[in-house]
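Novice: Take a look at this one; I'll ask things after.
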């Protein structure tokens, strides 16, 4: 316990007699009372008499410093503090502590902020273009020197990107097929046209949804994983270590990942197409359309060109998602939160790019009549 | 205050290790109130493992560890919380929260465990950072200062609540000699004037000779404590040649 007794001196000053144990759990009421007493003394001398203080830790010393900071220097002084605790007080420069020596920088005005965002966006676009060039160069190099590619890494990443993704890709595309078929079969039945749902499923899965859903799943699973992995390596200076060994981080870290994604994404897309069609078949079966009829209907409407339209896209999507994941990882700065930011930004910019590129494909296919 | 010689930490018959793999067998020692106690040992001797047991991060494979009378190994939630409040820990890497400034790192325990108001906490945080020479860097993020400065800020955070016991894992590794000497002076001041107890895992012999009251030396090969006592006496007159060799920094003689 700690107590504070205040007495007034003849010249209007105050003597604050502190007693007991001054630590973080006892100083709260004393500090307030002391502050009021120092204010009430109106510029007259104040003595903090610590003769009866039997313990005073860092928090207690902070209270003494806090009271000494009030008013002009020298107006409030500490007396009779045990030498052991006085040594703790003596290590501080009271006047220096009164100022915040490292204040937070003032907030930028809104106009500046807009400019900074625009400049950041521009710089980001540039780094994306540079990185695309570097990755392409590294891929061409890998094609010309296949012996120098770290195939062990590639197979390991293939397993994580491809095989491990099978269950989730199967689940999502099966449900997609089921839902798409169900939602369209109900209104179509009013016209007796349930059979044409097979056309819808066939064309939309093969041309569009198979590739797009697989790529979005890839962005969420592997894009984020690449960013987190490479981000942690950057933060731990592992990327610096590669650079100073004379090994190009892009060739060493990015190439195996992009190759693995390039090998696996088309296969996953193929798988998604099939499972999606199967989902549609199951739903339509409950609408009394037999499997054979369904398959014949799909076969009649979909040709090889439709399949290739989706399949070709999946290669481009693979490069995009794997590339952006790696880029965001290599851009990580320091600290745990920056790795998190990399992973988030890998997924977000990955999906944005996917949608933009998918739109470009749609226009190109239309112009080419595919 | 109790007599300076009574034990504040009692490590009794502890088998240290992880996952059923023992590194040290049946280790017992006491840390006395108010002393600066150093745990020494070669690389991989189990110093850090022992420290992890003492601060309650990992339970030892066997044995008890009493912190001011209560066993941290078996303590249930409420008691465990109160034991954890008795000590501060500085981790080898600093372990500062990267998203907070240095001042916010020091403020965090004060905000969570005291009822002081904002200005008061701000002043205490600034004083803790001033003690380690960092009052001009309060608004910096850990990533914006050097490794040595992060370490000093971590010490300031460990001291935030003025704990009775402070555990420091390799505090002076990576610090320049002047800063390291300043840190030694700070530890001595807190121990002598406040009666704080320091348990330090360290390799830095100059610093150990300057501040340690007592050391224990552990060895993985012999799976236990091989020496205990005043470091200067051990250097000059330990019966164990390996211990003398360690303190005199003589290289290991490799078999031909």
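Every number in this text was worked out from the coordinates using simple rules, so none of it is lab data. The structure displayed is predicted, hence computed values, not measured ones. Here the Cβ positions follow ideal geometry from the backbone for every residue, glycine too, while neighbour counts run over all protein chains shown.
Novice: What does DSSP give for the protein assembly as shown in terms of the percent of beta bridges that are antiparallel, rounded to the nearest 5?
Specialist: Numbers: 27 of 57 bridges.
Given both bridge residues lie in the protein assembly as shown, the antiparallel proportion sits at roughly 45 percent.
Novice: Give the calculated FRET efficiency between residue A:136 and residue A:110 to the nearest 0.05, with a Förster radius of 51 Å applied to their Cβ-Cβ distance.
Specialist: Numbers: r = 39 Å, r/R0 = 0.77.
With R0 = 51 Å, the Cβ-Cβ based efficiency is 0.85.
Novice: With label points built 7 Å along Cα→Cβ from the Cα atoms of residue B:76 and residue B:93, find their separation and express it in nm.
Specialist: 3.5 nm
Novice: Classify region B:1-103 as rounded, prolate or oblate, taking a ≥ b ≥ c as the square roots of the eigenvalues of its Cα gyration tensor: rounded when a/c is under 1.5, otherwise prolate if a/b is larger than b/c and oblate if not.
Specialist: On the way: a/c = 1.38, a/b = 1.09, b/c = 1.26.
Note, shape of region B:1-103 comes out rounded.
Novice: While we're on this one: Okay, helix-only estimate at 222 nm for chain A: each DSSP H run of n ≥ 4 adds -39500 (n - 2.57), divide by all residues, round to 500 deg cm²/dmol; what do you get?
Specialist: Numbers: 15 runs with 246 residues, N = 370.
Mean residue ellipticity, 222 nm, calculated: -22000 deg cm²/dmol.
Novice: In nm, give the distance between the simple-model label positions of residue A:238 and residue A:152, each being 7 Å from the Cα along the Cα-to-Cβ direction.
Specialist: Spacing of the two 7 Å Cα→Cβ label points: 1.5 nm.
Novice: For a Förster distance of 22 Å, can you work out the FRET efficiency between the beta-carbons of residue A:193 and residue A:282, rounded to the nearest 0.05?
Specialist: FRET efficiency, residue A:193 to residue A:282: 0.70.
Novice: If you don't mind, another one. I'd like the Kirkwood hydrodynamic radius of the protein assembly as shown, using the inverse of the mean 1/r over distinct C-alpha pairs, in Å. Let's see the in-between values first.
Specialist: Details: mean 1/r = 0.0332 Å⁻¹.
One over the average 1/r among Cα pairs gives 30.1 Å for the protein assembly as shown.
Novice: Find how many whole Å separate the alpha carbon centroid of region B:186-243 from the alpha carbon centroid of region A:207-236.
Specialist: Each part's Cα centre sits 51 Å from the other's.
Novice: Using the Kirkwood formula over every pair of different C-alpha atoms, what hydrodynamic radius in Å results for region A:2-97?
Specialist: On the way: mean 1/r = 0.0763 Å⁻¹.
By the Kirkwood definition, the hydrodynamic radius is 13.1 Å.
Novice: Using the Cα atoms of chain A to build a convex hull, what is its mean projected area in square nanometres? Intermediate results must be reported in sequence, preceding the final value.
Specialist: Details: hull surface 129.7 nm².
For chain A, the mean projected area of the Cα convex hull comes to 32.4 nm².
Novice: When the label point is put 7 Å from the Cα of residue A:344 along its Cα-to-beta-carbon vector, which residues of region A:191-228 have a backbone N closer than 12 Å?
Specialist: Hits in region A:191-228 for residue A:344 at 12 Å: none.
Novice: Who wins for biggest fluctuation among B:66, B:110, B:194 in a Gaussian network model of chain B, springs between alpha carbons below 10 Å?
Specialist: It is B:194.
Novice: Then there's this: Over chain B, with a Gaussian network built from C-alpha contacts below 10 Å, which listed residue (B:106, B:145, B:215) shows the highest mean-square fluctuation?
Specialist: Most flexible of the set in this elastic network: B:145.
Novice: Let me ask something additional. Evaluate the relative contact order of chain B (contact order divided by residue number), counting alpha-carbon pairs under 8 angstrom at least 6 apart; express in whole percent.
Specialist: Values: 459 pairs, mean separation 59.7, N = 256.
Over chain B, the number comes to 23 percent.
Novice: Another question, if that's okay. Only counting other Cβ atoms within 10 Å, I'd like B:124, A:319 sorted with the fewest neighbours first.
Specialist: Working: B:124 27, A:319 19.
Fewest-to-most ranking of B:124, A:319: A:319, B:124.
Novice: For residue A:143 and residue A:98, what does the FRET efficiency come to when R0 = 56 Å and r is the distance between their Cβ atoms, rounded to the nearest 0.05? Could the numbers behind the result be given before it?
Specialist: On the way: r = 67 Å, r/R0 = 1.19.
Calculated transfer efficiency: 0.25.
Novice: Here is a follow-up. Cα gyration tensor of region A:73-136, axes a ≥ b ≥ c as square roots of the eigenvalues: rounded (a/c below 1.5), prolate (a/b > b/c) or oblate?
Specialist: Values: a/c = 10.22, a/b = 3.01, b/c = 3.39.
Judged from the Cα gyration tensor, region A:73-136 comes out oblate (a/c at least 1.5, b/c at or above a/b).
Novice: A further question on this structure: How far apart, in nm, are the 7 Å Cα→Cβ label points at residue A:32 and residue A:186?
Specialist: Placing both labels 7 Å beyond Cα along the Cβ direction yields 6.2 nm.
Novice: May I ask for the Kirkwood hydrodynamic radius of region B:90-162, worked out over all distinct Cα pairs and given in angstroms to one decimal?
Specialist: On the way: mean 1/r = 0.0853 Å⁻¹.
Its Kirkwood hydrodynamic radius stands at 11.7 Å.
Novice: Just from its helices, what would the mean residue ellipticity at 222 nm be for chain B, if runs of 4 or more DSSP H residues each count -39500 (n - 2.57) and the sum is divided by every residue, rounded to the nearest 500 deg cm²/dmol? Each step should come with its number before you reach the end.
Specialist: Working: 9 runs with 93 residues, N = 256.
The helix contribution divided over chain B gives -11000 deg cm²/dmol.
Novice: Does chain B classify as rounded, prolate or oblate by the C-alpha gyration tensor (a ≥ b ≥ c root eigenvalues; a/c under 1.5 gives rounded; else a/b over b/c gives prolate, otherwise oblate)?
Specialist: Because a/c hits 1.5 or more and a/b exceeds b/c, chain B counts as prolate.
Novice: Could you tell me the relative contact order of chain A? Use alpha-carbon pairs under 8 Å, at least six residues apart, and round to a whole percent.
Specialist: Values: 488 pairs, mean separation 63.1, N = 370.
In percent, rounded to a whole number, it is 17.
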